[in-house]
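Presented below is the structure to which this report refers.
The values are calculated or read from the model by the stated rules, or taken from the named source; none is laboratory data. These numbers come from a predicted model, not from an experiment. Positions of Cβ are backbone-derived with ideal geometry, glycine not excepted, and every protein chain shown enters the neighbour counts. Just the protein is used for accessible areas: all its heavy atoms, side chains included, with ligands, DNA and RNA removed. Shrake-Rupley method; radii C 1.70, N 1.55, O 1.52, S 1.80 Å.
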Amino acid sequence: MRLDEDYWSDDDDDNERFSQQKIVVGYALTSKKIKSFLQPKLEGFARKKGILFVEIDPHRPLSDQGPFDIVLHKLTGKEWRQILEDYWEKHPEVTVLDPPDAIQHLLNRQSMLQDVADLNLSTNHGEVCVPKQLVITKDPLSIPDAVTDAGLALPLVVKPLVVDGSARSHELSLAYDPFSLSKLEPPLVLQEFVNHGGVLFKVYIIGEAIRVVRRFSLPDVSKHELLSNAGVFKFPRVSCAAASADEADLDPAVAELPPEPLLERLARELRRRLGLRLFNIDIIREHGTRNRFYVIDINYFPGYGKVPGYEQVFTDFLLSLAQSKYKR
């Protein structure tokens with residue numbers, strides 16, 4: 001399976017016929033998201049297919065804007081959520097990417113991985129697990145005992161409990177000893193660290209399409225390092241675009257992508273269980289194994305701008321949504 005191989009197909013003839021109609025996509029995104037996602041190349045591809053992107057003003061009633069065929073959004077806050085839900089109730093014919101209730105599931109790391117755990121996915125192509133984790137909401141002094149009671153092994157990955165789009169919600173630390181745990185600041189999630197060769201697989205989902213890229217991740221922790229290190233070490237955000245491992249000279253056992261059938265099954269199940277069409281899955285392979293994988297994070301509407309060729313894929317996805325709506 002090639003790294004940049006596409007796992008989707010489209011019908012060029014249907015696309016060509018349908019592109020004669022205008023499809024209006026209203027977008028409600030932060031300025032940072034607009035800059036990274038709505039790039040000129042995407043707008044150009046979309047325009048050729050009859051897709052027009054229109055910015056939504058979240059401070060004005062949605063019914064006074066548009067009309068829209070599709071609403072694409074990634075704003076936070078109860079006010080925006082209520083505005084969108086009220087609009088969707090009055091305009092059920094509009095496709096909302098994605099439903100606010102479904103997105104909420106991914107904004108809390110306590111519930112984020114539950115569907116993966118419930119899936120208990122194991123096939124002849126591999127096994128997909130989640131790391132053992134513990135949620136701490138208060139009283140940091142109780143953390144060492146809670147970790148012992150839960151049977152978690154050090155080191156532990158420390159993540160904020162709430163994912164709200166802020167830089168802080170993506171902060172990552174590694175705790176090496178039980179004494180330092182009481183210095184942490186809840187609410188947070190403690191995840192058992194799994195050695196994975198320092199490589200992370202980011203699996204991007206765009207409707208039925210899947211694209212996988214490699215990223216550098218946290219390095220493995222040896223027994224010697226675990227015994228000789230103490231404290232909590234903060235790391236910069238891993239898996240960023242600058243940390244691409246696509247061209248790196250890696251051990252083939254570490255660099256090999258997860259099997260395509262396993263990813264297709266995982267993506268299909270999570271689309272159904274989560275009720276989402278735009279998300280990415282962060283996956284690691286347990287070091288020393290070939291096909292034992294762990295899902296460590298799921299993100300709604302991730303940084304598609306980091307994915308080579310996303311413009312064409314996203315355009316085809318929007319077109320397929322509009323086609324299916326008008327065929328009904």
Of (1) surrounded by fewer than 16 Cβ atoms within 10 Å (Cβ to Cβ); (2) in contact with a Pro (Cβ under 8 Å, 6 or more places away or on another chain); (3) more than 22 Å from PRO92 (Cα to Cα), ASN280 satisfies every one except (1)
- Might you check whether a residue that is within 26 Å of ASP164 (Cβ to Cβ), at pLDDT 95 or above and either among the aromatic types (Phe, Trp, Tyr) or not in a helix (DSSP H, G or I) (or both) occurs anywhere in the range 261-275? yes
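Which residue out of PRO144, PRO155, PRO187 is in contact with a Lys or Arg (Cβ under 9 Å, 6 or more places away or on another chain), more than 30 Å from GLY305 (Cα to Cα) and not small (Gly, Ala, Ser)? Reasoning before the result, please.
Numbers: PRO144 fails: in contact with a Lys or Arg (Cβ under 9 Å, 6 or more places away or on another chain); PRO155 fails: in contact with a Lys or Arg (Cβ under 9 Å, 6 or more places away or on another chain).
Every option except PRO187 fails the conditions.
Which of the residues belonging to the range 194-218 are of a type in the set (Lys, Arg), in contact (Cβ under 8 Å) with a residue 40 or more places away in the chain and under 24 Å from SER173 (Cα atoms)?
At the first step, the residues of the range 194-218 found to be of a type in the set (Lys, Arg) are 202, 211, 214-215.
From the residues that got through so far, the ones that are in contact (Cβ under 8 Å) with a residue 40 or more places away in the chain too are 202, 211, 214.
Of everything in the range 194-218, those that are of a type in the set (Lys, Arg), in contact (Cβ under 8 Å) with a residue 40 or more places away in the chain and under 24 Å from SER173 (Cα atoms) turn out to be LYS202, ARG214.
Does SER169 qualify as being closer than 30 Å to TYR304 by Cα, open to solvent by 50 Å² or more (accessible area, probe 1.4 Å) and among the hydroxyl-bearing types (Ser, Thr, Tyr)?
No.
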Per the list (1) surrounded by fewer than 19 Cβ atoms within 10 Å (Cβ to Cβ); (2) modelled with pLDDT under 95, residue check on PRO144 breaks on (2)
- Message: Among the residues that make up the range 236-251, is at least one of them open to solvent by 50 Å² or more (accessible area, probe 1.4 Å) and either modelled with pLDDT of 95 or more or within 18 Å of ARG109 (Cβ to Cβ) (or both)?
- Response: yes
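Quick one: which residue in ARG290, ARG214 is surrounded by 16 or more Cβ atoms within 10 Å (Cβ to Cβ), at pLDDT below 95 and touching an Asp or Glu at 6+ places or on another chain (Cβ under 8 Å)?
Values: ARG290 fails: surrounded by 16 or more Cβ atoms within 10 Å (Cβ to Cβ).
Only one candidate qualifies: ARG214.
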Only unsatisfied item for ILE283, checking (1) more than 18 Å from TYR300 (Cα to Cα); (2) at pLDDT 90 or above; (3) β-branched (Val, Ile, Thr), is (1)
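Could you check, for the range 34-49, whether at least one of its residues is within 17 Å of PHE301 (Cα to Cα), in a helix (DSSP H, G or I) and basic (Lys, Arg)?
Within the range 34-49, one or more residues are within 17 Å of PHE301 (Cα to Cα), in a helix (DSSP H, G or I) and basic (Lys, Arg).
Go through the range 300-328 and count every residue that is of a type outside the set (Ser, Thr, Tyr), open to solvent by 30 Å² or more (accessible area, probe 1.4 Å) and either at pLDDT 95 or above or closer than 30 Å to GLU93 by Cα (or both). Reasoning before the result, please.
Of all residues in the range 300-328, those of a type outside the set (Ser, Thr, Tyr) come to 301-303, 305-309, 311-314, 316-319, 321-323, 325, 327-328.
Among the residues that remain, those that are also open to solvent by 30 Å² or more (accessible area, probe 1.4 Å) are: 305-306, 308-309, 312, 325, 327-328.
Those left that are additionally either at pLDDT 95 or above or closer than 30 Å to GLU93 by Cα (or both): 305, 309, 312, 325, 327-328.
Final tally of qualifying residues: 6.
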inquiry  = Taking the conditions exactly as written (open to solvent by less than 20 Å² (accessible area, probe 1.4 Å) and under 30 Å from PHE317 (Cβ atoms)), does VAL163 satisfy them or not?
reply    = yes
*Answer yes or no: is there a residue in the range 170-184 that is within 27 Å of ALA117 (Cβ to Cβ), modelled with pLDDT under 90 and not in a strand (DSSP E or B).*
yes
